[in-house]
Structures are given as C-alpha cells and as structure tokens.
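Please treat every number below as a calculation from the coordinates, not as lab data. Quick caveat: nothing in here was measured; it's all calculated off a predicted structure. So basically every Cβ, Gly included, is an ideal-geometry build from the backbone, and we count neighbours across all protein chains shown.
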Amino acid sequence: MSKYKVHLMGGEGTGWALDADMETTYESLSSLSDLIEFTSMEEADVIHCVWEWPLLHLSDEMLAGKKIICHVCNDLPKTYEQSCMVHADRIGLWVPISHLCERQLNSLKKNNIYVPYAINKRIFNENFTHDATASLRKKLGIPVDRFVISNFMRDTFGKNLHIPKDQKGVELFFEIAHSLYLKGLPIHILLAGPRRHWIRNRLREHDIPFTFVGEETKGDDNTINILES
C-alpha cells in the first residue's frame with residue numbers, strides 16, 4: 001500500500017500557539033508513519049494546515065489536485081471576518097477544536113471532524129515537588145500564603161495593545177480576580193506571554209497583586225515574551 005504524501009504547514013514562526021499546534025499535529029501524524037509520509041507542498045497529495053490564513057493566500061495553481069485539511073483556531077464568525085475566506089471552499093475538511101465551532105460548521109454544512117486542542121503532556125511534570133514549588137515561589141517573589149491563579153496567553157491585539165481580544169475573555173478573567181480580591185481572599189495572579197498590557201494595567205489600577213514573567217515593554221512584545229516550554 002502506497003503512503004499518503006502530506007505537507008504540514010501553518011505555523012506562525014514565533015513559538016506561540018500556532019507553532020505548538022504544528023508541533024503536536026506533527027507528533028500525532030508521525031505515529032501514522034505506516035500510512036503517511038511528510039513531503040514538500042509540490043509533491044503532496046494532502047495539505048494539512050493548522051491556520052487558514054496562510055493556506056487561503058496560496059494560489060489555485062499550488063493547491064490544484066490536492067486534498068486540503070485545515071484547523072479552525074477561532075470560532076467561525078471570527079474566522080469568516082477575514083477577506084481570505086472568500087477562498088474557503090478550497091478546504092475539503094475542517095478540524096474544529098471546540099464543540100461550538102463544530103456546531104457552526106455543521107450549520108453551514110461544512111465537512112468537519114472535531115478534535116480537541118492538543119497539548120504536550122511532557123510539559124506538565126508530575127514530579128514537580130513541594131520543594132520545587134516553594135523554590136519557584138521564592139524566585140518569583142510570590143508569598144507562600146497566596147493562592148496562585150495563572151493566566152498564560154496573548155490577549156490583546158498587536159495593532160492596539162490596550163484593547164482586549166474579545167475571543168480570549170481576559171476582561172472576564174479580570175472581573176473574577178477583582179471579585180476574589182474584594183472578598184479579601186489571598187490571591188496572587190501569575191501572568192506570562194506577550195501582549196499582556198491590558199490585564200497588567202487593570203490589575204495595577206485595582207491593586208491586585210500579580211507577577212509577570214517576562215520583560216515589560218510599552219510596545220509590542222510578541223517576539224520578546226514568548227517563553228520556552
């Protein structure tokens with residue numbers, strides 16, 4: 001039996017979420033080595049893309065005769081706001097990462113298979129001991145009597161670092177943190193990731209204790225504050 005020739009693409013090249021999705025997708029597909037092999041785009045039978053934007057900016061000639069699979073990163077209305085979606089009929093199979101997007105695709109009668117957002121389990125170390133936790137608290141200056149609430153994402157737009165991205169819900173995260181703080185509960189917010197300007201400003205305005213792991217900048221820090229896993 002001949003193998004399917006697959007070209008995997010769609011990363012952002014910054015080490016952020018889309019690149020992590022590329023990595024986990026590559027690892028998953030690699031387990032099917034008896035069925036598929038990775039090739040260049042020119043040689044591929046199947047184009048598997050984790051992000052619709054670069055895929056839909058390719059020419060018809062480059063994609064001619066190829067089966068096309070594409071993940072959906074946001075909900076479908078947000079995705080369809082992009083002008084490149086005029087070429088969305090190129091995609092033969094969508095891969096939604098949420099049941100909401102799955103329902104939206106079904107309502108449009110788009111062929112899809114729901115696959116939950118994948119994670120690399122090796123990142124989460126089961127042997128992270130109490131001593132290691134205490135050492136990390138000390139390093140980050142987090143009091144031992146504080147309940148740590150972590151939030152690691154990119155939650156504002158690069159074009160305007162003072163407006164939260166509506167699909168991320170960081171304003172809801174702030175309201176929860178603010179409510180807990182007003183109740184006098186011993187919380188401490190731990191932030192990481194780029195474009196955290198809005199949430200840092202809101203926490204400071206309300207004296208909610210937090211630690212940001214990274215370098216605070218006034219401008220876009222998308223190439224600075226992406227931490228290694």
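Scan segment 59-105 for residues that are within 23 Å of the chain's Cα centre (by Cα) and either more than 16 Å from Val46 (Cβ to Cβ) or free of Cβ contacts under 8 Å to residues at least 24 places away in the same chain (or both) and report the count.
25
When only residues in segment 1-58 that are of a type in the set (S, T, N, Q) and within 21 Å of Ala118 (Cα to Cα) count, which is surrounded by the most Cβ atoms within 10 Å (Cβ to Cβ)?
Taking segment 1-58 first, the residues of a type in the set (S, T, N, Q) are 2, 14, 24-25, 28, 30-31, 33, 39-40.
Pick out the ones that are also within 21 Å of Ala118 (Cα to Cα) and you get 14, 24-25, 28, 30-31, 33.
Numbers: Thr14: 13, Thr24: 16, Thr25: 21, Ser28: 11, Ser30: 11, Ser31: 9, Ser33: 10.
Selected residue: Thr25.
Could you check how many residues of segment 68-86 are assigned to a helix (DSSP H, G or I) and surrounded by 17 or more Cβ atoms within 10 Å (Cβ to Cβ)? Lay out the reasoning, then the answer.
Kept after step one, since they are assigned to a helix (DSSP H, G or I), are these residues of segment 68-86: 76-79, 83-86.
Narrowing the set further to residues that are surrounded by 17 or more Cβ atoms within 10 Å (Cβ to Cβ) leaves 76, 79.
Residues that pass the stated criteria total 2.
Being of a type in the set (A, V, I, L, M) and not in a strand (DSSP E or B) is the filter here; which residues of segment 194-229 pass it? Spell out the reasoning first.
Step one: of segment 194-229, the residues of a type in the set (A, V, I, L, M) are 199, 203, 208, 213, 224, 226-227.
Of everything in segment 194-229, those that are of a type in the set (A, V, I, L, M) and not in a strand (DSSP E or B) turn out to be Ile199, Leu203, Ile208, Ile224, Ile226, Leu227.
For Thr156, only one of the following conditions fails: (1) under 23 Å from Glu228 (Cβ atoms); (2) hydroxyl-bearing (Ser, Thr, Tyr); (3) free of Cβ contacts under 8 Å to residues at least 24 places away in the same chain. What is its number?
Thr156 satisfies all of (1) under 23 Å from Glu228 (Cβ atoms); (2) hydroxyl-bearing (Ser, Thr, Tyr); (3) free of Cβ contacts under 8 Å to residues at least 24 places away in the same chain except (3).
Filter segment 159-193 for residues that are aliphatic (A, V, I, L, M) and in a helix (DSSP H, G or I) and give the result.
Taking segment 159-193 and keeping what is aliphatic (A, V, I, L, M), we get 161, 163, 170, 172, 176-177, 180, 182, 185, 187, 189-192.
Within segment 159-193, Val170, Leu172, Ile176, Ala177, Leu180, Leu182 meet the criteria.
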